[in-house]
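The structure under discussion appears below in the form of structure tokens.
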Amino acid sequence: MKFTGTIHSKQPTIATSIFATMTALAAEHQALNLSQGFPDFDISEEMISRVHHYMQKGFNQYAPMPGVPALRKAISKVASQLHGISYDPDTEITITAGATQAIFTAIAAFIRDDDEAIIFEPAYDTYAPAVKVNGGRVKYAHLQMPDYTINWEQTARLVSSHTRMIIINTPHNPTGAVFNAQDMEQLSRITQNTDILVLSDEVYEHLIFDGLQHESACRYPHLAQRSLVIGSFGKTFHATGWKTGYVMAPENLMKEFRKMHQWVVFAANTPIQMALADMLADEKNYTSLAAFYQQKRDLFLELIASSRFKIVPSHGTYFQCLDYSAISDASEMDFATTLVKQHKIAAIPVSRFYHDGKDDKILRFCFAKKEDTLRKAGEILCKI
């Protein structure tokens with residue numbers, strides 16, 4: 001069956017996501033999949049038990065549009081504990097069907113025709129399409145190699161009278177870079193006395209290593225009043241398939257967000273929200289994540305120490321970027337394809353996170369894996 005009329009595509013240049021492409025290629029060639037960002041180990045039995053408990057108790061119908069009250073209260077408590085800020089759970093926190101939905105909804109709520117949004121590349125690939133499909137224009141700032149830092153003078157030059165939003169991501173996907181206090185102060189300076197909003201993607205907030213601190217936008221009063229802060233329980237509880245996230249923002253911004261949210265998804269999964277509220281009551285469920293994932297990162301780096309790959313520092317997320325320029329002159333996409341087909345290991349070419357395909361000979365590997373998986377990966381990479 002085929003539609004025979006004219007299709008007026010709103011996204012004519014958008015291809016299939018690189019995550020879907022590399023995961024399908026890995027499956028086809030039975031390769032070790034370190035491309036898409038998901039754990040290959042089991043989630044907490046207690047978490048499964050709590051979801052089952054609430055399903056059996058009958059919590060299987062629509063949740064309130066903003067989310068289950070108990071979960072919003074729990075999020076407010078965590079934000080107060082970690083960042084010293086008080087978000088009203090009734091009017092300033094909304095539960096979403098994953099962080100990607102939250103990001104799209106936030107952009108759709110505030111970006112109008114000809115509004116400009118500044119994003120930092122390499123960038124998670126949902127930002128720019130969401131801006132464009134809502135009539136906005138994207139301005140790109142490149143993070144500076146080798147540590148993927150921000151040139152704030154360059155960023156300031158991108159700001160115009162049309163700038164409506166600056167989208168930040170810390171800890172940063174795909175690079176593992178982490179914003180510091182100076183970064184947030186520079187962002188505060190640039191947005192001072194403007195109508196610019198900040199969309200702060202903080203889904204890896206609990207996955208920060210080497211004694212660093214998560215510099216959430218909500219820790220800075222001037223930024224907090226103009227920021228929509230995005231979080232993800234999929235990252236915190238190793239359950240990416242459950243697609244549950246949240247947004248924190250001042251009441252007047254949240255009012256606009258919810259206007260759009262109700263038409264996009266209305267409400268997120270009820271029994272999972274109930275279970276998450278219970279799990280957040282024990283702070284070890286999120287405060288222990290940094291040590292858990294740093295151990296995995298350190299093991300992965302130890303296992304590839306004798307390889308020809310050059311390590312790009314990763315201080316957060318569960319991604320490790322590796323520079324293969326000493327191994328091959330092939331493009332990132334070609335080299336990533338070769339790794340799958342010839343060496344049976346899948347990674348993501350970082351060039352796919354740039355609108356212009358900037359190619360630095362760097363691949364992103366996910367280390368949110370069982371020790372056995374990481375050891376197999378290390379063995380493969382050391383033979384290349």
Tally, over the stretch 1-60, of residues that are in a helix (DSSP H, G or I), small (Gly, Ala, Ser) and within 30 Å of LEU381 (Cα to Cα): 4
All positions within the stretch 214-244 that are among the small types (Gly, Ala, Ser) and under 23 Å from ILE196 (Cβ atoms): SER216, ALA217, ALA224, SER227, GLY231
Filtered residue count, the stretch 307-344, keeping only those that are of a type outside the set (Gly, Ala, Ser) and under 18 Å from ALA27 (Cα atoms): 11
Tally, over the stretch 325-350, of residues that are in contact (Cβ under 8 Å) with a residue 40 or more places away in the chain and assigned to a loop (DSSP other than H, G, I, E, B): 3
Residue satisfying all of: in the stretch 44-75; touching a residue at least 60 places away in the same chain (Cβ under 8 Å) and polar (S, T, N, Q); nearest to LYS235 (Cα to Cα) among these: SER44
Segments classed as helices (runs of 4 or more DSSP H), wholly inside the stretch 133-242, with at least 2 members that are closer than 27 Å to SER351 by Cβ: 152-158, 181-191, 233-236
Only one of ALA330, ALA326 that is over 17 Å from GLN144 (Cα atoms) and in contact with a strand residue (DSSP E or B) (Cβ under 7 Å, 6 or more places away or on another chain): ALA326
Pairs with Cβ under 7 Å, 6+ apart, first in the stretch 275-302 and over 19 Å from VAL68 (Cα atoms) and of a type in the set (Gly, Ala, Ser), second modelled with pLDDT of 95 or more and not in a helix (DSSP H, G or I): ALA290/HIS206; ALA290/LEU207; ALA290/ILE208; ALA290/PHE209
Positions within the stretch 351-364 being part of a loop (DSSP other than H, G, I, E, B) and among the hydroxyl-bearing types (Ser, Thr, Tyr), in sequence order: TYR354
So ILE272, is it over 21 Å from ASN33 (Cβ atoms) and not aromatic (Phe, Trp, Tyr): yes
Candidate set: the stretch 296-325, residues that are under 13 Å from ALA377 (Cα atoms) and among the charged types (D, E, K, R); chosen: the one surrounded by the fewest Cβ atoms within 10 Å (Cβ to Cβ): GLU302
Residue identified as surrounded by fewer than 19 Cβ atoms within 10 Å (Cβ to Cβ), closer than 28 Å to ILE103 by Cα and modelled with pLDDT of 95 or more among SER328, SER288: SER288
Residue identified as at pLDDT 95 or above, under 24 Å from the mean Cα position of the chain (by Cα) and in the same structural domain as THR244 (by TED's automatic domain parsing) among ALA70, ALA102, ALA63: ALA102
Residue within the stretch 268-281 that is of a type in the set (Val, Ile, Thr), buried (at least 19 other Cβ atoms within 10 Å of the Cβ), out of contact with any strand residue (DSSP E or B) (no Cβ under 7 Å at 6 or more places or on another chain) and under 30 Å from ALA108 (Cβ atoms) present: yes
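The values are calculated or read from the model by the stated rules, or taken from the named source; none is laboratory data. Keep in mind the model is a prediction, meaning the values are calculated, not measured. A quick note on method: Cβ atoms are made from the backbone with ideal geometry, for glycine too, and the neighbour counts reach across all protein chains shown.
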